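One structure, pasted below without further comment.
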Amino acid sequence: MKKQIFNFAFISVLLFAFIQNGFSQEKKLPKVIILATGGTIAGSGESSTGSSYTSGKVTIESMIDAVPNIRKLADLSGEQISNVGSQDMSVKIWLDLANRINELLAGDVDGIVITHGTDTQEETAYFLNLVVKSNKPVVLTGSMRPSTALSAEGPLNLYNAVAVAASPESKDHGVMVVMNDKIFGAHSVTKMNTTNVETFEAPMHGQLGDVNFGEVTFYHYPHGLNTTKSRFSADGIKSLPRVDIVYGCADMSPDLIDIMVKAGAKGIVVAGVGDGNMTTATLEAAKRATEKGIPVVRSARVPTGAVLIHGEVDDEKYGTIASDELNPQKARILLMLALQQDKNRTREELQQLFIDY
Ligand code: GLU
C-alpha cells in the first residue's frame, strides 16, 4: 500500500512537472515584431492573373492573419511604419525604421521582421546593416506577386522570415533578406529579375542559408562589418547628405557630373562600365568634383566582381575611390553615412571604409 501511494505521488509530481514545462514552453515563444513598410507583399490587384496592381494596400494585421500557423512560431505583433511601394522608400523612413528597431531590440524583443517592396529592399537592408546596434536578427522580406495574385508567395515568405527572426541561430548574421526559401546577407544581396519570384541573389558571396517551411539552416556568416561592429549610427540623425548616382555608358557625357555638383550633391557614385570605368571626359569631370571636396566613388553597372583600386583608373590622380564590392546603390548609402558622420574624411579614409564595409 505504501509503495502504491509512493508511486502515485511520484507519477503526480512527474505529471505536474510535465504540464508546467509544457505551459512554460508555450510562454517562451520568442518575441518577434513585424514592421510593415508596404510593397507588393501588401499589394492588391483587380485580377488574380493580371500583372497590374497597387503596392502597399494591405495592412500588417491582415497580412499576419493570412498566414496559417504563423503565431505558433513566435509571440507576434505588427506595427505599420509606412505603406509605400519601395520605389518611394526614403531616408526619412529608413531613419524611423532604424530608431524603432534599436529601441525594440534594446528591450525584450528577440527579432524583427520588416515587410518591404523588393525594388529597394537591398538598400534598406544595407542601410540597417550599418546602423542597427544589436546582434539579434533583423529580417526583411517581401514578395514579387501581390496578395491577390494566383500563387502569391508573400504568405510563405512572411512565415519563413518570422521563423528566421525567431531562431536563436540567426544571431550575429547582421541584417538579412529572406525570400523564396533563401537567406541572404545585406551586404551581398541584390535584385536580379524584374518579375520572377527567384529575384534575389548574392552573386559574389552566395546565400547565408536556407529556410524551408520554417526550418532554418545557416551555412555562412555575412561579408563586411555590420550592426554591433559598425561604427555608423542613426541616433539623432534627421537627414543624410545628398549623394547622386550617374549611370555609365559608351560616349557618356561629362555634363552629368558637373550638373550634380551644381545641384548640390555632396558625393557622387558612378555606376561605371566594366571595372568602374568612364569616358576620359567624365573622369576629368570627376577630378573637378573631387578637387572641390566632393568625393566620387567608382562603382560598376556590372553585377559581379569588385571594382579594383587603380584598376584602369589612377585613383590618386583623379581623387576617386573604388567601391570594392558595393554596387552603386549600396555605395551611395555608405558614402551618405560616412559624410554625415564626418564630412572631412580624406580620400584614403573613405577608401578604407569601402574595403571594410
Ligand atoms: N514596386 C514594388 C515595390 O518595390 C514592386 C516590387 C515588389 O514589392 O515586389 O514595392
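Based on the mean of other beta carbon atoms within 10 Å per residue, what is the order of 111-121, 331-341, most packed first?
On the way: 111-121: 26.1, 331-341: 23.3.
Highest-to-lowest ranking by the protection proxy: 111-121, 331-341.
Going by average Cβ neighbours within 10 Å, how do the peptides 35-43, 348-356, 247-255 rank, with the highest at the top?
Numbers: 35-43: 27.1, 348-356: 15.7, 247-255: 13.8.
Sorting 35-43, 348-356, 247-255 by mean packing, highest first, produces 35-43, 348-356, 247-255.
Could you pull the Cα extents of the stretch 210-357 along its three principal axes, largest to smallest, in whole Å?
Result for the stretch 210-357: principal-axis Cα extents of 53, 36, 25 Å.
Please compute, for the alpha-carbon atoms of the chain, the extent along each of the three principal axes and give them in descending order in Å.
Principal-axis extents of the chain (Cα, largest first): 100, 47, 34 Å.
Further question: Which order do His220, His173 fall in if you start with the one that has the fewest other Cβ atoms within 10 Å? Walk me through the numbers before you get to the answer.
Details: His220 15, His173 25.
Listed from fewest to most nearby Cβ atoms, that is His220, His173.
Show me the ranking of peptides 192-200, 86-94 by mean Cβ neighbours inside 10 Å, starting with the highest.
On the way: 192-200: 13.4, 86-94: 17.1.
Listed from highest to lowest mean packing, they are 86-94, 192-200.
Ranked by Cβ crowding within 10 angstrom, fewest neighbours first, how are Arg298, Arg347 ordered? Numbers along the way, then the final one.
Numbers: Arg298 31, Arg347 16.
Placing the least packed residue first, the sequence is Arg347, Arg298.
How big is the C-alpha Rg of the stretch 274-357 next to the rule-of-thumb value 2.2 N^0.38 Å, as a ratio?
Computed over Cα atoms of the stretch 274-357, the ratio equals 0.99.
Another question about this same structure. Starting with the fewest neighbours, write out His187, His223 ranked by other beta-carbon atoms found within 10 Å of each beta-carbon. Numbers along the way, then the final one.
Values: His187 24, His223 18.
Neighbour counts put them in this order, fewest first: His223, His187.
Just so you know, all these numbers are worked out from the coordinates, no wet-lab data involved. Because the structure is predicted, anything quoted here is derived from the model rather than measured. Note that each Cβ is placed from the backbone with ideal geometry, even for glycine, and that neighbours are counted across all protein chains shown.
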